[in-house]
1. Going by how many other Cβ atoms sit within 10 Å of their own, how do 85, 2, 53 line up, fewest first?
2. Just order 39-45, 7-13, 70-76, 87-93 by mean Cβ neighbour count inside 10 Å, highest at the front, would you?
3. Any chance you could give the angle, 0 to 90 degrees and rounded to 10, that helix 11-23 forms with the longest Cα principal axis of the chain?
4. For the chain, take the longest principal axis of its alpha carbons; what is the angle in degrees between that and the long axis of helix 90-99, to the nearest 10 within 0 to 90?
5. Once both axes come from the Cα atoms, what is the angle between helix 62-72 and the longest principal axis of the chain, in degrees from 0 to 90, rounded to 10?
6. Under the rule of -39500 (n - 2.57) per DSSP H run of 4 or more residues, summed and divided by the residues of the chain, what mean residue ellipticity at 222 nm is obtained, to the nearest 500 deg cm²/dmol?
7. Sort the chain into rounded, prolate or oblate with this rule: let a ≥ b ≥ c be the square roots of the eigenvalues of the Cα gyration tensor; rounded if a/c is under 1.5, and if a/c is not under 1.5, prolate when a/b is larger than b/c, oblate otherwise.
8. Where the centroid of each part is defined by its Cα atoms, how far is region 11-53 from region 63-78 in Å?
């Protein structure tokens with residue numbers, strides 16, 4: 001199991017992309033939540049509200065999730081990275097594996 005993390009400018013865009021990845025069976029589920037962000041952009045410090053999303057999938061789909069996120073993402077340079085999961089409840093892993101087939 002891996003978790004692909006990304007941020008989006010709005011709830012609508014976060015949910016839209018999460019739904020598309022679900023429909024393509026690239027992810028088993030996603031969690032979206034509002035966050036406050038601070039970052040450097042074009043030589044300025046920006047503070048903003050964004051939506052963070054955790055996309056839960058398996059290692060086999062990780063690259064496909066990246067490719068799809070890069071195509072769909074509205075940001076010029078999106079944050080897209082993987083969080084490796086060391087331990088997971090076996091029953092949850094079974095469900096996840098069956099969901100992305």
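Each reported figure results from applying straightforward, stated rules to the coordinates on display, with no laboratory input. Model, not experiment: these values are computed from the prediction. Glycine also receives a Cβ, built like all others from the backbone with ideal geometry; neighbour counts cover every protein chain displayed.
1. Values: 85 14, 2 17, 53 23.
Ascending Cβ contact count within 10 Å gives the list 85, 2, 53.
2. Values: 39-45: 8.1, 7-13: 15.9, 70-76: 11.9, 87-93: 10.1.
Those peptides, ordered most packed to least, come out 7-13, 70-76, 87-93, 39-45.
3. It works out to around 30 degrees.
4. Roughly 80 degrees between the two axes.
5. Rounded to the nearest ten degrees, it is 40.
6. -10500 deg cm²/dmol
7. prolate
8. 11
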